[in-house]
């Protein structure tokens, strides 16, 4: 049946309209896809900008990562109004005279300096007293040489020659003593002076040659003699009321290893291991036996030790909150920072909170988190989320661990104890680049554990290193007290 002209036009129009609608739907789909891509790119740009804005003041990045574009110094500490320098009651470290000087030089008074007697002679006048002043100076001959002579005699019965025995440790025709070796260990492991520079220092200070092998041997001997000391650390640290924990990368034999620290105000343990997580922690055997407080920076493997109580470092939280407040301009982050700092000041002035005060603090804390939840709802599924959202989840999910310092006397505000202990070991890596062998790194770690522990217990480092070389190291005798 032949269609009329009008019907043909109607069919053509309907087909064109269908094609137009189809085209519009395609354009709408492409526009929606483009909008999604633009939104994703905006999020990516925002994330990249946020990553570029990270530095040592608003994240966990170390100061060495700032490079030449270091941010202007801006401390999280608030002004106290006190003048710089020692505060009232501070003991000070002024050089004090000693009661038994090594030398005494008497300066005679021959003529009177008063100016009224014409310089009359005072040689025959009695001495009424002395005004004393002491000068502390290095000896002219800093290296003392002791010659050991063993008598040789002939036996009247057998006719054989017999020689008297030398003291223990006197083995070579010429050698350095334990005090000198202890000082070389001190220079190398406490102040990170490399072997080559130590040889020059020895010649400059003492006028005697020093081989690098002598320092290596002294380090190895100290390491072996400190085995009982390290064993004692492994026994005492799990008994402490609180331990600080941290870990940091270390280059050993051209590969990444990890330096672990477990410490408190009285003891320090360092250990080197190829792994960062629980494999290393189980290997050292300290954290699996801890049932008291562990303070750390929320590295998740620490939470595998469920027998311990966990406290989180609020200095890390303050740095992350600073980033969210300054770079992402979210007011809740500033409010949370102010609340945490107020709690720290209140703890310093008045001690820990009572139950009623803590409930009031919880109300304020949760109100700030509820305000933040309007900007960052809970993540659904496995979708990625921003740093601010991750921080918010941590503050909400680990509220008791964040606020533990407000109600437990033994819990401090930060994990600075471990960070201070591990900082100088990173300095050693900057000076020398890396350790050539794992054994060399472990020698260094054990000796540093000994030095740090002796310093915390106010023992003379040089004297204790000499004792370690002699095989008589200092052994802590009692569990450490809480902070």
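Here are a few things to note about the model shown:
- Every residue from the stretch 392-416 that is more than 19 Å from residue 337 (Cβ to Cβ) and in contact with a helix residue (DSSP H, G or I) (Cβ under 8 Å, 6 or more places away or on another chain): 407, 411
- Residue 387 surrounded by 15 or more Cβ atoms within 10 Å (Cβ to Cβ) and at pLDDT below 90: yes
- All positions within the stretch 346-367 that are farther than 16 Å from residue 402 by Cβ and in contact (Cβ under 8 Å) with a residue 24 or more places away in the chain: 351
- Count - residues of the stretch 187-209 that are within 25 Å of the chain's Cα centre (by Cα), assigned to a helix (DSSP H, G or I) and surrounded by fewer than 20 Cβ atoms within 10 Å (Cβ to Cβ): 2
- Hey, residue 54 closer than 26 Å to residue 249 by Cα and modelled with pLDDT of 65 or more or not: yes
- Qualifying position, being farther than 20 Å from residue 178 by Cα, touching a residue at least 40 places away in the same chain (Cβ under 8 Å) and surrounded by 14 or more Cβ atoms within 10 Å (Cβ to Cβ), among 436, 423, 446, 428: 428
- Residue in the stretch 453-460 that is surrounded by fewer than 19 Cβ atoms within 10 Å (Cβ to Cβ), in contact with a helix residue (DSSP H, G or I) (Cβ under 7 Å, 6 or more places away or on another chain) and within 30 Å of residue 408 (Cβ to Cβ) present: yes
- The listed residue being surrounded by 12 or more Cβ atoms within 10 Å (Cβ to Cβ), modelled with pLDDT of 90 or more and more than 27 Å from the chain's Cα centre (by Cα), out of 212, 147, 151: 212
- Those residues of the stretch 346-384 which are within 13 Å of residue 335 (Cβ to Cβ) and under 31 Å from the mean Cα position of the chain (by Cα), in sequence order: 365, 369
- When residues in the stretch 197-226 are screened for being without any contact (Cβ under 8 Å) to a residue 12 or more places away in the chain and farther than 30 Å from residue 140 by Cα, 1 of them pass.
The values are calculated or read from the model by the stated rules, or taken from the named source; none is laboratory data. Quick caveat: nothing in here was measured; it's all calculated off a predicted structure. So basically every Cβ, Gly included, is an ideal-geometry build from the backbone, and we count neighbours across all protein chains shown.
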